[in-house]
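The values are calculated or read from the model by the stated rules, or taken from the named source; none is laboratory data. As the structure is a computational prediction, the values presented were derived from the model and not from experiment. All Cβ positions, even for glycine, are placed from backbone atoms using ideal geometry, and neighbour counts span all protein chains on display. Just so you know, the surface numbers come from the protein's heavy atoms only, side chains and all, with ligands and any DNA or RNA stripped out. Shrake-Rupley method; radii C 1.70, N 1.55, O 1.52, S 1.80 Å.
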Amino acid sequence: MTDPKDPTAPFAELMKGQAAMMQGMLQQFMPGMTGAAGSSPFAGAAPMTPGAMGAPADMDHWHEVFGKLQKMWMDLQAEQAQSTEPKLAIVDPLEWFGAMQNWYRQMPITEPANQKKLWEDSLELWQTVLGRYGIGPEAVTEDERELPRKDRRFADRRWSDQPAFALIHQTYLLIAERLSGMVDEMEGLDEGQREQLRFATRAVTEALSPANFPMLNPIVIEKTLEQKGENLVKGMEHFADDMKKGQLTHVDPDAFELGRNIAVTPGKVVYETDLYQLIQYTPTTDEVLETPLVIFPPWINRFYILDLNPKKSFIRWAVEQGVTTFVVSWKSADESMADVVWDDYICAQIDAINHIRARLKVPSVHTIGYCVAGTTLAATLAILHRRDEQDKVKSATFFTAQVDFAKAGELLNFIDDRQLSGIEQLTNCGYLDGRYTAAAFNMLRGSDLIWNYWINNYLLGEDYPAFDLLHWNGDVTNLPAKWHQEYLRDLYRDNKLVQSDALNADGTAIDLKLVETPCYVQAGKEDHIAPAESVWHITDHFQGPMRFVLAGSGHIAGVVNPPGSGKYQYWTNEADVSSLQEFREGATETPGSWWPDWIDWLKQQDNTLIPATGKRKPGGRGDKIIEDAPGRYVKSR
């Protein structure tokens, strides 16, 4: 059981607990298998019955399947026991139950009055549900059989075809609803504690969904009988592979190759440091805007989210609009980057700006900062203004970037002192393994990014899809330990960036109130990582002209939404408004991508055109380059 005094416990429980439960769930289909503590935590689960398994010949096949599963399981357990690698995706199942107990002790469900009420509500629900099937005193006609609670996890008709499965998932939804309500009603919690408990409650209830349990999921049962258990064998192969690499697989690992069918926009690496490579893309127009553009993507992820494929690529599209486009490709952290801090990333942005100005002999550049790199760009602008060098940046665009972290969303659940201490202990090599970060972001949308794939990959044994966005999502990046701790403490916890001169970098104090650079601020309406309300507050701190755009969808799809896709919409408001609520009330909705709105705004800052010659075409005569795009750094692990 988890030691309550262990400072790593909350983070470890959240990051590893769900994966531990996956291990236990698999044992439901494996008679006789034991868990890490000597017996399966699900040993009471009902096995397949002989009648369901079919004729004696089929029984031989089932015995063979179970034999394969048991051998694969034992081989995996032995390999894991001997491995010296950190077990990022699996822990002792009892750790999950320890986490469950810690959560349970905080919840008022233990109070007799609440338990009595929940029991009474359950009985009432059962009568109602059974009545939908013509059973009991509340029987209704066939036209009135709609179930009282809906959830897309149970939208498949097989969840409602039979009363047993209807009762299972309806009871689950009732309990999840009541538990969520209890958190809202609890007394003695400050808002931060309540939000943490709300997050933990959602994580627990998502993990305990009957859809995740093979013997409670009619879709899994049906497929297992149809395929005579072969889906479970394939699922176990997937599970074993994920255990070995310490990460949940979302997509076919062989479907994409950088530079071949993903990140393929032509360009050259024209400059590099120990921290980043600078890529310049080859122009496709005879003339280009005189002022070039440099994009700073977040170093938490790979830059090619903006260059997934030709149809989705923001980079390619920008080049096609006649913009000389540069992108910074950050290096994934290793032991050599143990002392890298936020100052280094700010200095890297200034360095890239200066290198482009010198390379193309221009006075200024346009800039884009995405997510954490946008936060950093805000600090960079403040420093340039304080040094009277603000004219080096013609304009700044922010993709879903925050500077005021007072309402930074669910990530705030990971930054109390205890959890920060726990995260720090995971970085003894000087960097945080990117698999931890990926797990944290996956947990923000557990049903979509964890449990959906648990069911498809492990229980149904389906083939992995070939989806470029999911490939990128799983292409994790390590983070420098010192930077990560400073960022979480100074920005997320203490919100110092919006406090004038509370932070400094490269010997210069940071005051966002100094920034007068023209800015384009894009936020995602459904963004759960950088909530729109949080992004909006950048308008409270900068002094220059600003255009705020609210895009449909979230942190990724809200940004990567090319005009040709015909998806989503965006909202603008030309009035002088003081809050996001006022912005929304008077906003004009425009169908489709916001990219054309952005390029129109960019050209308003400076529309001078020049021929796309000389070093505007990287790698031409006399131009020393390092290598072809996408470069080495994006491939480093």
With label points built 7 Å along Cα→Cβ from the Cα atoms of Asn504 and Thr608, find their separation and express it in nm. 3.6
Kindly report, to the nearest 10 Å², the accessible surface of Asp351 as traced by a 1.4 Å probe over protein heavy atoms only. 50
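Nearest 500 deg cm²/dmol is fine: what mean residue ellipticity at 222 nm does the chain get from its DSSP H runs of n ≥ 4 alone, each adding -39,500 (n - 2.57), divided by its residue count?
Numbers: 19 runs with 243 residues, N = 637.
Helix-only estimate at 222 nm: -12000 deg cm²/dmol.
For the chain, compute the orientation-averaged projected area of the C-alpha convex hull (one quarter of its surface), in nm².
Working: hull surface 128.4 nm².
So the Cα hull casts an average projection of 32.1 nm².
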For segment 485-588, the percent of all C-alpha pairs falling in each 5 Å bin, from 0 up to the bin holding the max distance, is 2, 11, 18, 20, 18, 15, 9, 4, 1, 0
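In what sequence, highest mean first, do 532-538, 361-367 appear when ranked by Cβ atoms within 10 angstrom? Intermediate values should be presented prior to the final figure.
Numbers: 532-538: 21.7, 361-367: 18.7.
Those peptides, ordered most packed to least, come out 532-538, 361-367.
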Using a cut-off of 14 Å between beta-carbons, work out the net charge of the residues near Gly564 (Lys and Arg +1, Asp and Glu -1, Gly564 not included). +3
Quotient of C-alpha Rg and 2.2 N^0.38 Å, computed over segment 153-212: 1.36
Explain nothing, just the number: dipole magnitude of the chain about its Cα centre with +1 on each Lys and Arg Cβ and -1 on each Asp and Glu Cβ, in debye rounded to the nearest 20. 1280
Under 8 Å for C-alpha pairs, at least 6 residues apart: give me the relative contact order for segment 253-337, rounded to a whole percent. 36
Report, for segment 419-576, the % of DSSP beta bridges that are antiparallel, rounded to 5. 50
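How would you rank 506-514, 627-635, 609-617, 325-333, highest first, on the average number of other Cβ atoms within 10 Å across their residues? Could the numbers behind the result be given before it?
Numbers: 506-514: 17.1, 627-635: 19.4, 609-617: 14.8, 325-333: 25.1.
The packing order, highest mean first, is 325-333, 627-635, 506-514, 609-617.
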Please list Thr539, Thr572 from largest to smallest accessible area, probe radius 1.4 Å, with all protein chains kept in place. Thr539, Thr572
Amide proton proximity set for Asp628, modelled H, under 5 Å, gap of 5+: Val269
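Would you please report the Å³ per residue occupied by the convex hull of the alpha carbon atoms in segment 382-453? Each step should come with its number before you reach the end.
On the way: hull volume 12.9 nm³, N = 72.
Output value, Cα hull per residue: 180 Å³.
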The helix 9-26 Cα axis meets the longest alpha-carbon principal axis of the chain at an angle in degrees, between 0 and 90 and rounded to 10, of 50
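Hey, if we sort Leu225, Leu459 by accessible area with the 1.4 Å probe, largest down, what's the order? Could the numbers behind the result be given before it?
Values: Leu225 65, Leu459 0 Å².
The ranking, largest first, comes out as Leu225, Leu459.
Please state the shape class of segment 293-371: rounded when a/c is under 1.5, otherwise prolate if a/b exceeds b/c and oblate if not, all from the C-alpha gyration tensor. If you can, show how the numbers build up before the last one.
Working: a/c = 2.71, a/b = 1.25, b/c = 2.16.
Note, shape of segment 293-371 comes out oblate.
Write down the percent of antiparallel bridges among all DSSP beta bridges whose residues are both part of the chain, to the nearest 5.
Details: 25 of 49 bridges.
Beta bridges within the chain, antiparallel portion: roughly 50 percent.
Which whole-number percent gives the relative contact order of segment 110-222, counting Cα pairs below 8 Å spaced six or more residues apart? Kindly include the intermediate steps, with their values, before the conclusion.
Working: 87 pairs, mean separation 23.8, N = 113.
Once normalised by length, the contact order is 21 percent.
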Would you mind checking the tilt of helix 230-245 against the longest principal axis of the Cα atoms of the chain, expressed as 0 to 90 degrees and rounded to 10? 50
Segments 185-193, 470-478 sorted - mean Cβ within 10 Å per residue, highest first: 470-478, 185-193
Can you give the extra length, in nm with one decimal, that the chain gains between Arg260 and Glu486 once fully stretched, where that is 0.36 nm per residue apart less the Cα-Cα distance? 77.6 nm
Please give the helix 372-386 orientation as an angle from the longest Cα principal axis of the chain, in degrees from 0 to 90, rounded to the nearest 10. 30
Please give me the summed charge of the neighbours of Met337: other residues whose Cβ is under 10 Å from its Cβ, Lys and Arg +1, Asp and Glu -1. -3
Using a basic spin-label model with each label point 7 Å from the Cα along Cα→Cβ, how many nm lie between Lys407 and Ile626? 4.1
Run the numbers on the chain and let me know its relative contact order in percent, using alpha-carbon pairs under 8 Å that are six or more apart. 16
